[in-house]
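Asks: Okay, handing you the structure first.
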Amino acid sequence: MTQNPASMIDPFGRMVEYLRVSVTDRCDFRCVYCMAEDMTFLPKKELLTLEELERLCTVFVQKGVRKLRLTGGEPLVRRGVMQLIENLGKLLDGGGLDELTLTTNGSQLAKYADQLVGAGVKRINVSIDTLDEDKFAKITRWGRLPQVMTGLEAAKKAGLQVKINAVALKEVNEHEIETMLKWAHGEGFDFTLIETMPLGEIDEDRTDQYLPLSTVRERLEANYSLADIPYKTGGPARYVKVKETGGRLGFITPMTHNFCESCNRVRLTCTGTLYMCLGQDDAADLRGPLRESEGNELVAQAIDEAILRKPKGHDFIIGRNSAPSVSRHMSTTGG
Ligand code: SAM
Ligand code: SF4
């Protein structure tokens, strides 16, 4: 393949081909590891319009982004988001984009699964940390498991490939991981575990929540044969094949195993701020250059300058009484 002359290559030689877009910081859940119960959200007037978000995404695709993931907050609660998804889906047909996908809590899937497929979405990530209804309500505070299960059914019926993401939480779901693995693989879903990251102030102490995936893997290996496989989705997960279930299990280990050396991602927020790393504070404003000119030259220039500042990696630490490594919540930058 010939290289796009406008390609984004960072100072460490990593090519940026993956953009995650937080289309809203709002959500219909309040997961305990993600948000405080009493969250203050951005004033609506600070948000980019959906047209502006589309324009920014298009510039990124022109500059070599091949994979777009919409996230949030909950992407499917932003009003009018399907129109954005449909418009971005048009970039899949020879417009330079290889994949359009989203990460969702599943609450709105019953409503949108068919339309997502119609827009060209093939795979989605759905976040579920437990299969126990009461525990689900406790973890998400506002979420209800049956609604998500109905959404998953709709996704399956519509033909979407589903990956279940679960944050491994000490004492909360640590003894349920095997049950979830069997359930996910039984349903034909991939299953990925995530280590909790120190992003934003929450109501609880993260030291109490943090469960290293090295421990989880060791425990699973007592009952299952896990074989490392080279499967890649463009994201940070490392996958194994579980012999007994025949399914794929992913590990996202920002804490125990830093995955930054192969990072190909940048993140755009709903206010047009570009973060070059999930775990660092440095950011570039794209809203200013976007609004300053009808053409895209200023934005393209701002993106180029930002990519040159992409840091080598994050410096996450979880310690008792330590402040979060970065002050913004995962819902701001998008997971
Ligand atoms: N609302 C959607 C959802 O829950 O899938 C998309 C946004 S959410 C911020 C994206 C992912 O980030 C979810 O899988 C969630 O579990 C994860 N997440 C949120 N806060 C996290 C944290 N502090 N550490 C690790 N993962 C986190
Ligand atoms: Fe909402 Fe997702 Fe954060 Fe849960 S993890 S509060 S569903 S944004």
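The values are calculated or read from the model by the stated rules, or taken from the named source; none is laboratory data. Here the structure is a predicted model, which means the values were calculated and not measured. All Cβ positions, glycine included, derive from the backbone under ideal geometry; neighbour counts span all protein chains shown. All accessible areas refer to the heavy atoms of the entire protein, side chains included, with ligands and DNA or RNA removed. Shrake-Rupley method; radii C 1.70, N 1.55, O 1.52, S 1.80 Å.
Asks: Residue by residue through the range 32-68, note down the ones that are open to solvent by less than 40 Å² (accessible area, probe 1.4 Å) and among the acidic types (Asp, Glu).
Replies: Result: Glu52, single match.
Asks: Something else: For the range 20-31, enumerate the residues that are more than 6 Å from ligand 2 (Cβ to nearest atom) and open to solvent by 20 Å² or more (accessible area, probe 1.4 Å).
Replies: Within the range 20-31, Arg20, Arg26, Asp28 qualify.
Asks: Quick check on Thr196: is it hydroxyl-bearing (Ser, Thr, Tyr) and within 28 Å of Asp38 (Cα to Cα)?
Replies: Yes, satisfied.
Asks: From the list Lys232, Lys241, which one is away from ligand 1 (no atom under 13 Å from the Cβ), in a loop (DSSP other than H, G, I, E, B) and farther than 16 Å from Asn173 by Cβ?
Replies: Being away from ligand 1 (no atom under 13 Å from the Cβ), in a loop (DSSP other than H, G, I, E, B) and farther than 16 Å from Asn173 by Cβ holds for just one of Lys232, Lys241, which is Lys232.
Asks: Residue check: is Val242 of a type outside the set (Asp, Glu) and more than 15 Å from the chain's Cα centre (by Cα)?
Replies: Criteria met by Val242.
Asks: Then there is this: Going by the conditions given, is Ile177 among the hydrophobic types (A, V, I, L, M, F, W, C), under 21 Å from Met255 (Cα atoms), more than 16 Å from ligand 2 (Cβ to nearest atom) and at pLDDT 95 or above?
Replies: Considered against the rule, which asks whether it is among the hydrophobic types (A, V, I, L, M, F, W, C), under 21 Å from Met255 (Cα atoms), more than 16 Å from ligand 2 (Cβ to nearest atom) and at pLDDT 95 or above, Ile177 comes out as yes.
Asks: Using the structure shown, decide if Val59 is more than 15 Å from ligand 1 (Cβ to nearest atom) and either among the hydrophobic types (A, V, I, L, M, F, W, C) or part of a strand (DSSP E or B) (or both).
Replies: yes
Asks: Identify the residue in the range 99-146 that is over 18 Å from Gln209 (Cβ atoms) and small (Gly, Ala, Ser) and, among all such residues, is surrounded by the most Cβ atoms within 10 Å (Cβ to Cβ).
Replies: Looking at residues that are over 18 Å from Gln209 (Cβ atoms) and small (Gly, Ala, Ser), I get Gly106.
Asks: It is to be established whether one or more residues within the range 179-199 are more than 17 Å from the chain's Cα centre (by Cα), more than 14 Å from ligand 1 (Cβ to nearest atom), polar (S, T, N, Q) and surrounded by fewer than 20 Cβ atoms within 10 Å (Cβ to Cβ).
Replies: Yes, there is a match, as at least one residue in the range 179-199 is more than 17 Å from the chain's Cα centre (by Cα), more than 14 Å from ligand 1 (Cβ to nearest atom), polar (S, T, N, Q) and surrounded by fewer than 20 Cβ atoms within 10 Å (Cβ to Cβ).
Asks: Tally up the residues in the range 83-109 that are within 16 Å of ligand 1 (Cβ to nearest atom) and of a type in the set (A, V, I, L, M, F, W, C), please.
Replies: 5
Asks: Does the range 236-252 include one or more residues that are surrounded by 13 or more Cβ atoms within 10 Å (Cβ to Cβ) and within 16 Å of ligand 2 (Cβ to nearest atom)?
Replies: yes
Asks: For residues that are free of Cβ contacts under 8 Å to residues at least 24 places away in the same chain and assigned to a loop (DSSP other than H, G, I, E, B), tally how many sit in the range 187-223.
Replies: Residues meeting the conditions: 1.
Asks: Is it the case that the range 28-48 has a residue that's touching a Pro at 6+ places or on another chain (Cβ under 8 Å), of a type in the set (A, V, I, L, M, F, W, C) and under 16 Å from Thr269 (Cβ atoms)?
Replies: The answer is no, given that none of the residues of the range 28-48 is touching a Pro at 6+ places or on another chain (Cβ under 8 Å), of a type in the set (A, V, I, L, M, F, W, C) and under 16 Å from Thr269 (Cβ atoms).
Asks: Restrict the check to the range 44-65 and report whether at least one residue is within 19 Å of the chain's Cα centre (by Cα) and within 16 Å of ligand 2 (Cβ to nearest atom).
Replies: No - not one qualifying residue is present in the range 44-65.
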